Each structure stands twice: as structure tokens, then as C-alpha cells.
Amino acid sequence: EEQGHVWVGCDVSRDMLDVANERILRDESDDEEDDESGEDDAMDEGKGKGANTTFKPKGDLMHHDMGTGLPYRPSTFDGCISISALQWLCYSNA
């Protein structure tokens, strides 16, 4: 994100998507509070952001069963990071 990447989060569980969305909203709220207080984010946990930099996540969450495949054309993404997800692409209930 900080390097200009766009991400997509996908899960079959609406509860897990709600947790992810809450984290996104919390992080946005924390960034706004830091901007208002004038704190230097560059020193904040080594994130490397400057004090005058406003960081907004660039991505989206979707409710989808990966067992049915992903609804994207080939070559849509330059890369993929999966946390225990790719295994479900091999299993389809259809």
C-alpha cells in the first residue's frame, strides 16, 4: 500500500470480512488522529511515513468462495500473497 500497491481481500466468512473492515477503519482513524496531533509518523514503529504524508489504504474486501474460482481475468494481478487460501482453489462444490 505504501508503495502504491492495490490489494483485494477475499473470504467466504462475512465475520472475517467484518473483522478486516474494522481494522481498516481503525487504522484510518489512527492515521487521522496522528495527523491532527502533528506527530511524526516516521518514528512510529518504523513505518517510514513522513509527518506530512497522509496514507489511505488502496484496496477492497469481497465476500466470495474461492472454491468456485476467482472472478478476475487472467493477468489481472502482478502477484498474489495467500494466507491459507490457494488450497481452496482446487476444491469446488459445483
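One table, with the values for the structure above:
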| item | result |
| --- | --- |
| Some residue of segment 39-48 being at pLDDT below 65, among the small types (Gly, Ala, Ser) and surrounded by 12 or more Cβ atoms within 10 Å (Cβ to Cβ) | yes |
| Subset of segment 60-79 [touching a helix residue (DSSP H, G or I) at 6+ places or on another chain (Cβ under 9 Å) and within 20 Å of residue 24 (Cβ to Cβ)] | 61, 62, 63 |
| Cβ pairs under 7 Å, 6+ apart, first in segment 62-76 and in contact (Cβ under 8 Å) with a residue 24 or more places away in the chain, second open to solvent by 90 Å² or more (accessible area, probe 1.4 Å) and among the hydroxyl-bearing types (Ser, Thr, Tyr) | 67/91 |
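The values are calculated or read from the model by the stated rules, or taken from the named source; none is laboratory data. Keep in mind that what you see is a predicted model, and the values were worked out from it rather than measured. Don't worry about glycine lacking a Cβ; one is built from the backbone with ideal geometry, like all the others, and counts go over all protein chains shown. Ligands, DNA and RNA are stripped out before the accessible areas are found, and what is left, the full protein with its side chains, is counted by its heavy atoms. Shrake-Rupley method; radii C 1.70, N 1.55, O 1.52, S 1.80 Å.
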